[in-house]
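These notes are about the structure you will find just below.
The values are calculated or read from the model by the stated rules, or taken from the named source; none is laboratory data. Computed from a predicted structure; not experimentally measured. Reconstructed Cβ throughout: ideal geometry from the backbone, glycine too, with neighbour counts over all protein chains shown. The accessibility values were calculated without ligands, DNA or RNA, using every heavy atom of the protein model including side chains. Shrake-Rupley method; radii C 1.70, N 1.55, O 1.52, S 1.80 Å.
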2 protein chains.
Amino acid sequence: MSAALAMAQGVENRTWPNPPVGAVVVKDGAIVGRGAHLGPGQLHAEPVALADAGDKARGGTLYVTLEPCNHTGRTGPCTEAVLASGVARVVIGIRDPNPTVSGGGARFLRERGLDVEIGILPESCLELIWPFVATDNFTRVFVELKTATSLDGRFAPGPELRQDGQPFYLTGEASRCDVHRRRRRVDLVLVGEGTVAADQPLLNGRLAMGDHDVPQTDPLPGYVDTDLSWQGGFAREHYLVFAGESARHGKARLKVEQDGGEILFCAEKAGHVEPKSLLELAATRDLFTVMVEGGPRLAGSMLFAGLVDRWINYMAPVVLGRGVTWPNDFAGPNVPDRGFSLTRLDQLEKDLLFIHDRKNFSATLARVTI
Amino acid sequence: MSAALAMAQGVENRTWPNPPVGAVVVKDGAIVGRGAHLGPGQLHAEPVALADAGDKARGGTLYVTLEPCNHTGRTGPCTEAVLASGVARVVIGIRDPNPTVSGGGARFLRERGLDVEIGILPESCLELIWPFVATDNFTRVFVELKTATSLDGRFAPGPELRQDGQPFYLTGEASRCDVHRRRRRVDLVLVGEGTVAADQPLLNGRLAMGDHDVPQTDPLPGYVDTDLSWQGGFAREHYLVFAGESARHGKARLKVEQDGGEILFCAEKAGHVEPKSLLELAATRDLFTVMVEGGPRLAGSMLFAGLVDRWINYMAPVVLGRGVTWPNDFAGPNVPDRGFSLTRLDQLEKDLLFIHDRKNFSATLARVTI
């Protein structure tokens, strides 16, 4: 199953809005076929792996990260291909989380005499397709919020704690690598205008270069600047700038466009780009998964609008005392928002990592492994 | 060893400035003697347990949470009592962390032919005496900071999220019980004037009532109010009020004293009680361990003055969006303070608990178990 996962994790062009799936065929203890789903309109992972195995599949075992589909979509049902291949056993990571539409694959295969096992490395297999699951098959864009704070809730130190020209790293190397790996898995990485001005971030996945279980291409970078007041350019060649409608006819857009920024004009509310409008525009560009990296104003506007699906927080064992913290001057939710549940708690060197999800990960996991 | 720990944990009057120690004697699989150190001038745990066992100790095993002392202080050396009892084996939780003063007990016993084992339930045994260890035998007061925040770093909601007359609980029942258990282990629980006014807290350990592994008496409650401007009383009969020297001759003290508050006048700095002076006054009252529970201004002043030994943070899976957060208008440390290290990371129902210590707990643990 690890090999099947690896097949899916490293797919070069992200498969969204389709879920990534990997498969391998094993015969006499050796891998004889490999396959991964490469994206919309492409073959599913199972037929690719079975074709790769050819005659060797007969009597062997198919490992697949997600339950084979039993319906005809843009491609034929995978269950038919599995049957035709002659494999004797099918080991499935997790059940299809949306059984009413496409499930029933495992039952179909069992009824035809195959030995079917479900729930192998289920956590990793669910993680692989989580953006797809969390958004109910991308009925909306998947938003992953990333924050990194000190123990006393600061995003960055005040100017007096910054050394001129030196980037200030709150978190350690392991946390930063983790962020870069996560960037590689999303379509768009987004920050606020303030972060661009303060940090000139590259927003790429350079620390994950060479890691075989993430795509090697970088996500598209972008920033939000309602009035296009930032005129200092951006360190990447092609990037998106989300501006307010009111900036469409101003002069400020010229410099931004000359620098390589592609401007998308969003609806505004109280002088700021409306987060929902921003995400709808991203969807029209086939950007299905977005990582929002702050600053706190952008983070808060996404969060308080209820648009964050997953919140990844890195906490460094540092006390700053002063510096950038959550804004207190705009409206939060009207009632305490208790909609997040803990998915993961970890230590990355000296930092803490905790991941909360809007859709309950553990409950979903329980549902797709029985 | 669990039984020995339990003996020490439930001692009614805290043993500070002496470390709590528990001991049991086991013979033929049954406990035949129990003892705990009860505080300064009282017998150590080992002689109490051995006396309780009497002749039955001969050939038995002594379990003790801390290495027996090998020096004569207010009581004779415990190692002599152990030898005289005739036990054949001694099982020790952790070595004495301060071997130059009082260690060598294990070696002494080994040299005299006893079977000695070290490092049983060492984490709990070190936890038991941590305030003593973290402050180098109470060369200063042990300060435990407790905070409870939402995911977005708020201590409490803004007034618009509070229901009239209803206390607002950010964290769950399990976290609140944990706080009450920790309160029972300290001498003084301290809050700021703002917290008294907003919450009228009892600051007792009522949710830990009946738990046998914590003292049944409540800690002394106290609050900080530099100018004694809070005149609304306090829900407990006897409590301390830490005020500034400048309030000594004002009229405000009358009402506070009538209500049962005992006022201690501290040095002031920039119009606020100086945290160091407050702790020095507490020490003169034999208050060796203090739990600071906020609000954020009091928490910050202790933290940024470098006076916090242990920081216990509960994080609730709630987004508030608005409300009380860290103050941004007073001086934090001049350089990022990277002095805390993670001791514990846990889940309490839906909340996260993380404990950071100024003195490295894991490194100390490694030192007292070899």
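Annotations
- Residue-wise HN-Hα couplings along segment B:58-71, as the Karplus relation 6.51 cos²θ - 1.76 cosθ + 1.60 with θ = phi - 60° gives them from phi, are 3, x, x, 10, 9, 9, 9, 5, 10, 3, x, 6, 10, 10 Hz; Gly and Pro carry x.
- Using a probe of 1.4 angstrom and keeping all protein chains present, the accessible surface of the protein assembly as shown works out to 41 square angstrom per residue.
- At 0.692 mPa s and 37 °C, Stokes diffusion of chain B via Kirkwood alpha-carbon radius, µm² per second: 148 µm²/s
- Full-extension gain in nm, A:Asn137 to A:Ala252, via 0.36 nm per residue minus C-alpha separation: 37.6 nm
- Carbon and sulfur %, accessible surface of segment B:135-359 computed with the full protein complex present, 1.4 Å: 51 percent
- At 7 Å out from Cα toward Cβ: B:Glu280 inter-copy label distances (nm, ascending): 6.4
- Each of the peptides B:17-23, A:321-327, A:202-208 was scored by the mean count of other Cβ atoms within 10 Å over its residues; in descending order, highest first, they stand as B:17-23, A:321-327, A:202-208.
- Of the residues B:Thr147, B:Tyr169, B:His180, the one whose Cα sits farthest towards the positive end of the charge dipole of segment B:131-224 is B:His180 (charges of +1 on Lys and Arg Cβ, -1 on Asp and Glu Cβ, taken about the Cα centre).
- Of the residues B:Tyr169, B:Tyr239, B:Tyr314, the one that moves most in a GNM of chain B with alpha-carbon contacts below 10 Å is B:Tyr169.
- Shortest-first nm distances, B:Glu160 label point to equivalent points in other copies (7 Å, Cα→Cβ): 3.3
- At q = 0.11, 0.15, 0.16, 0.21 Å⁻¹ the log10 of I(q)/I(0) for segment B:2-128 amounts to -0.30, -0.58, -0.67, -1.24, computed by Debye summation with a single uniform scatterer per C-alpha, solvent ignored.
- Estimated 222 nm signal from helices in chain A, with DSSP H stretches of n ≥ 4 weighted -39500 (n - 2.57), rounded to 500: -7500 deg cm²/dmol
- Over chain A, Cα pairs under 8 Å with separation of 6+ residues give a relative contact order of 17 percent.
- Set B:Lys146/B:Lys269; A:Lys146/A:Lys359; A:Lys146/B:Lys359; A:Lys350/B:Lys146; A:Lys276/B:Lys146 screened for pairs whose C-alpha atoms are more than 26 Å apart: A:Lys146/B:Lys359; A:Lys276/B:Lys146
- When its C-alpha radius of gyration is set against 2.2 N^0.38 Å (N residues), segment A:104-219 gives a value of 1.50.
- Of all DSSP beta bridges in segment B:2-128, antiparallel share, percent nearest 5: 55 percent
- For A:Trp311, the accessible area of its heavy atoms, probed at 1.4 Å with every protein chain present, is near 10 square angstrom.
- A simple packing score, the average count of other Cβ atoms within 10 Å per residue, orders the peptides B:279-285, B:92-98, A:344-350 as B:92-98, B:279-285, A:344-350, with the highest score first.
- Looking at the protein assembly as shown alone, DSSP beta bridges between its own residues are antiparallel in about 40 percent of cases.
- Over the C-alpha trace of segment A:133-199, radius of gyration and Dmax come out as 15.0, 47 angstrom.
- Counting Cα-Cα pairs of the protein assembly as shown in 10 Å increments starting at 0 gives whole-percent bin shares of 3, 12, 18, 19, 17, 15, 10, 4, 1, 0.
- Along segment B:148-159 the Karplus relation, 6.51 cos²θ - 1.76 cosθ + 1.60 evaluated at θ = phi - 60°, assigns HN-Hα couplings of 9, 10, 7, 4, 9, x, 9, 8, 7, x, x, x Hz to successive residues, with x for each Gly and Pro.
- With only Cα atoms counted, segment A:226-352 has Rg and Dmax values of 17.1, 49 Å.
- Most mobile listed residue (B:Gly339, B:Gly260, B:Gly33) in chain B, GNM with C-alpha springs under 10 Å: B:Gly339
- Inter-copy spacing of B:Glu349 label points, which lie 7 Å from Cα along Cα→Cβ, given in nm from shortest upward: 3.7
- Residue of chain B whose Cβ sits closest to the axis mapping B onto A, with distance in whole Å: B:Gly153, 2
- Residue-averaged beta-carbon neighbours from other chains (10 angstrom radius) around B:312-319: 5
- Residues whose amide H lies under 5 Å from that of B:Ala156, counting only those 5 or more places away or on a different chain, are B:Val324; hydrogens are built 1.01 Å from N in the peptide plane.
- Residues whose placed amide H lies under 5 Å from that of A:Tyr239, excluding near-sequence neighbours: A:Glu262
- Relative to one another, the C-alpha centroids of segment A:76-155 and segment B:218-244 are positioned 58 Å apart.
- Per residue of A:337-347, other chain Cβ atoms within 10 Å of the residue Cβ number 4 on average.
- Taken across both chains, chains B and A shield about 3400 Å² of accessible surface from a 1.4 Å probe.
- Take each residue in A:321-329, count the other chain C-beta atoms within 10 Å of its C-beta, and the mean is 6.
- Per residue, the average separation of C-alpha pairs within less than 8 Å and at least 6 apart gives segment B:2-128 a relative contact order of 21 percent.
- Residues A:Ile370, A:Ile31, A:Ile129, ordered by accessible area of protein heavy atoms at a 1.4 angstrom probe radius and largest first, appear as A:Ile370, A:Ile31, A:Ile129.
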